[in-house]
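Only the coordinates and a few stated rules stand behind these numbers; no lab work does. Keep in mind it's a predicted model, so treat the numbers as computed, not measured. Neighbour counts are summed over all protein chains in view; Cβ atoms, including those assigned to glycine, are modelled from backbone coordinates with ideal geometry.
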């Protein structure tokens with residue numbers, strides 16, 4: 001089993017999408033009950049792996065590998081975990097728990113100001129790996145952000161030199177000025193991430209968008225994925241209240257089953 | 001499955017150490033759990049990550065430890081259902097049904 005998990009890790013780290021399936025139940029007089037708990041894995045390119053030879057042999061007896069792959073890969077569209085019953089034939093039914101392998105959700109907060117501090121505090125209760133980025137050392141410290149996982153003190157430009165976006169990233173842009181908001185959004189707008197939110201008045205947002213459209217040829221469709229104004233509407237006023245509204249929006253995106 | 005879970009398994013698992021991965025496979029009514037939430041349980045009773053905490057997480061840990069000690073070593077499903085009243089006693093707002101799979105690794 002450990003070798004199987006190593007394969008999962010290798011596939012995932014070479015940035016392939018990986019879907020796993022666990023055999024959770026059997027209705028069969030022929031298939032060995034001890035196989036319950038065994039696994040399969042399908043990667044993006046359609047390769048299939050089994051957690052044991054016995055599992056492979058048994059499954060292949062009843063179903064074509066192509067068909068099995070199709071059953072498992074069906075999930076990729078929804079990205080959600082799913083319990084699925086598959087009828088191998090009239091007398092044999094299996095139940096699989098199918099789910100993708102996912103990165104740990106990361107929250108990247110650009111800007112270490114008065115919104116970022118309560119936001120990091122609240123979000124740390126919700127299982128995010130949190131990074132705050134700002135070039136101002138006087139703001140970016142563990143007194144202001146005791147629950148952050150990492151604080152990166154760099155100009156945004158330099159930060160992006162080694163940056164690699166992940167699918168499970170949540171980006172909050174709350175820098176100290178719109179020239180910085182622009183700098184950050186420019187780097188992220190075309191990345192495949194889960195959430196991008198940017199703070200600002202509609203006037204400021206418009207200025208940033210106009211610049212992106214004109215200078216960087218960003219389309220309206222690309223811009224439409226930015227959550228701005230940021231946060232759910234709860235009539236928030238203080239930085240703490242705004243942080244709650246942003247955190248609520250992160251939750252609503254994360255738990256949205258239809259997305 | 002979370003990448004951190006895969007990494008933890010690779011870090012801890014060897015011939016001596018048993019690991020169970022428990023994950024929510026179904027959840028009905030107003031249960032606060034999400035399908036796919038998962039945790040690891042080690043043979044010394046220590047855990048990694050959480051499926052929500054509380055009394056029923058204890059049930060899962062005990063069940064995993066029992067599976068470790070049995071000869072057959074078979075993965076197994078556990079169904080936990082709480083009535084409104086039982087739920088209230090452990091501090092939940094509502095009752096519900098969760099089905100959890102304990103996979104021996």
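Here are a few things to note about the model shown:
- Using a cutoff of 8 angstrom between alpha carbon atoms and counting only pairs six or more residues apart, the relative contact order for the stretch A:60-119 works out to 25 percent.
- The tail of the calculated P(r) for the stretch A:2-100 beyond 15 Å holds 59 percent of all Cα-Cα pairs.
- Which of A:140, A:64, A:23 has the fewest Cβ neighbours within 10 Å, and the rest in rising order: A:64, A:140, A:23
- CD proxy at 222 nm, helix term only [per DSSP H run n ≥ 4: -39500 (n - 2.57); per residue of chain A; nearest 500]: -10500 deg cm²/dmol
- Across peptide B:1-13, the mean count of Cβ atoms from other chains lying within 10 Å of each residue's own Cβ comes to 6.
- Fraction of antiparallel bridges per DSSP, chain A only, in percent to nearest 5: 55
- Angle between chain A longest axis and helix A:239-254 axis [Cα atoms, degrees, rounded to 10]: 30
- Rg to Rh quotient for the stretch A:106-254, alpha carbon positions, Kirkwood Rh: 0.93
- Peptide ranges A:228-239, A:33-44, A:185-196 listed from the most packed, as the mean C-beta count within 10 angstrom indicates: A:33-44, A:185-196, A:228-239
- Which of A:244, B:98 has the fewest Cβ neighbours within 10 Å, and the rest in rising order: A:244, B:98
- The residues A:142, A:50, when put in order of fewest to most other Cβ atoms within 10 Å, stand as A:142, A:50.
- Reported to the nearest whole Å, the Cα centre-to-centre distance from the stretch A:124-146 to the stretch A:152-171 is 14.
- Using a cutoff of 8 angstrom between alpha carbon atoms and counting only pairs six or more residues apart, the relative contact order for the stretch A:93-250 works out to 23 percent.
- Peptide A:132-145 - average C-beta neighbours from other chains (10 Å radius): 0
- Global form of chain A, assessed from the alpha-carbon gyration tensor, a/c cut-off 1.5: prolate
- Nearest-ten-degree value, helix A:2-13 long axis tilted from longest Cα axis of chain A: 40
- Average other protein chain Cβ within 10 Å of Cβ, residues A:5-16: 3
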